[in-house]
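The values are calculated or read from the model by the stated rules, or taken from the named source; none is laboratory data. Small disclaimer: the values here were computed from a predicted structure and weren't measured. Positions of Cβ are generated from backbone atoms using ideal geometry, with glycine treated the same way; all protein chains shown enter the neighbour counts. Please note that ligands, DNA and RNA were not included when accessible areas were found on the heavy atoms of the full protein model with its side chains. Shrake-Rupley method; radii C 1.70, N 1.55, O 1.52, S 1.80 Å.
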Amino acid sequence: MGVRRFAGTLAFAMTVLQAPRVRAQFAMNGYLRVGGGASSQRGDQICFKLVGAEAKYRLGNECEIYSELNLSQVAYKDGDGTTLRVNFLLFAVSPLAQGDNQSLVNPNRTPGPSAGVGPLDFGYAQLYVDGQHIPGLGNTIVWLGRRYYKREDVHILDFFYWNPSGLGGGFEDIPIGGHLNLSYAVFTADPGMPGDFAFRHDLQLRGIPANPGAELQVGVDAVQPFGTDRALHPGASLTVQHVQGMLGGNNKFAVQCGVASGIGLGNTRAGNTDVTILKSDTDARKCRLIEHLYFQPARKLGGQAVIVFQRSRSDASGVSTWLSAGVRVSYAVAEHFKLLLETGHDRVTDAGKEPRVLTKITFAPALAAGARFFDRPELRLFTTLAFWNEAARVSGVDPAGVFANKKLGFTFGLQAEAWWW
């Protein structure tokens, strides 16, 4: 009896050892920015942004509190390497600025920064499952859910110029030879209006050989209406980006164009799906050139510079252009103490109207985790000066209208930014 019991126990143990096991591989990373201050009008801090510009220079010019906490857990891992992970990203923001992420406080809230359900809103920006190291698929990642997907941004603007994020699924980084990787994903797009619904197909090819030390990246987005409204029109966008390593960092030059329902150019907000499904305005066009350089030629000296030119056309507003140029320089006088200087200039011109112009300059000494430009956390004491022309004053340069009768403004305060991996 004892021998039989021992044999049974041994067989059970061998079965357990041979069975696929889940390893407790848990990862947590996140991001936050928080701050506050006052303005020359003897009130709360005001943040300056030109009407018609799709972004603003952010150093000493962010009035919202925002944080993200990303959780990832290996849920299954087989002996052949197959790994399935679950991913969840929770955000908190005040005031509401993320637009169309999924709110946990009020899932029916109206998208946009003017919507509000209180001083702080919680929600989720990512909730998806991915599979990696699947036999026969190599390094291809299979995924399904809501996620940030292959986002490209200009940090000093917080401008996500190439951001095909959303709710969908696909195959990411399919190796097709050499350094080439092909990715395909399909997303659902629902702007929230009755009858408005579409599928958005995203195809990207990265790793295309270019000049030494560089590569080309190409992406195509196609919006396919699938709603009950027969007046919906399809659309498409194309992005071509050249990436070149230089000056201890990299230079990215992107050309983007979109037509009809593709004028979102793969989204421009930090949040998820930002798709406009057009009905009557089938001749809408938008093209954009972006040149941005991250440089770190020495440990103590770094920064980022950017130039954006965008031209839009629509039946409602005619032709509009946006030109933006700016730079942030970081110099470390000690390992954990930096001096930051940022200046940015925006100019928006609508057909037949006087151009709107805004210039912002910020100086900020900062306590930081390290001497390099992107070393975080960073705790800053900032002073910001902004000035604008009459056309910008009439349209407004701050959401509260505090500077409605001014053409110059000054703010000061404290700001912290951190990310951890």
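Applying the selection to region 249-259, what residues are open to solvent by 50 Å² or more (accessible area, probe 1.4 Å) and touching a Lys or Arg at 6+ places or on another chain (Cβ under 8 Å)? Those that are open to solvent by 50 Å² or more (accessible area, probe 1.4 Å) and touching a Lys or Arg at 6+ places or on another chain (Cβ under 8 Å): 255, 257, 259.
In region 225-248, the condition of being basic (Lys, Arg) and exposed (fewer than 15 other Cβ atoms within 10 Å of the Cβ) is met by at least one residue. Set side by side, the residues 305, 392, 386 differ, and just one is without any contact (Cβ under 8 Å) to a residue 24 or more places away in the chain, small (Gly, Ala, Ser) and either within 30 Å of residue 30 (Cβ to Cβ) or in contact with a Leu (Cβ under 8 Å, 6 or more places away or on another chain) (or both), which is 305.
Mind listing whichever residues of region 41-92 are touching a His at 6+ places or on another chain (Cβ under 8 Å) and among the hydroxyl-bearing types (Ser, Thr, Tyr)? Scanning region 41-92 gives 82, 83. Can you name the number of the only condition in (1) under 16 Å from residue 158 (Cβ atoms); (2) at pLDDT 95 or above that residue 268 fails? Just one mismatch for residue 268, condition (2). Checking each residue of region 271-290 against the condition of being at pLDDT 95 or above and open to solvent by 50 Å² or more (accessible area, probe 1.4 Å) gives at least one match. When the strands (runs of 3 or more DSSP E) confined to region 145-210 are screened for residues that are of a type in the set (Gly, Ala, Ser), those reaching at least 3 such residues are found at 166-175, 181-189. Residues that are open to solvent by 50 Å² or more (accessible area, probe 1.4 Å), outside any strand (DSSP E or B) and in contact (Cβ under 8 Å) with a residue 12 or more places away in the chain within region 27-53 comprise 40, 41, 49, 51, listed in sequence order.
Of all residues in region 128-144, those satisfying the criterion of being assigned to a strand (DSSP E or B), open to solvent by less than 70 Å² (accessible area, probe 1.4 Å) and not β-branched (Val, Ile, Thr) are 128, 130, 131, 132, 143. Scanning region 54-80 for residues that are within 25 Å of the chain's Cα centre (by Cα) and assigned to a loop (DSSP other than H, G, I, E, B) returns 54, 55, 56, 57, 58, 59, 60, 61, 62, 63, 64.
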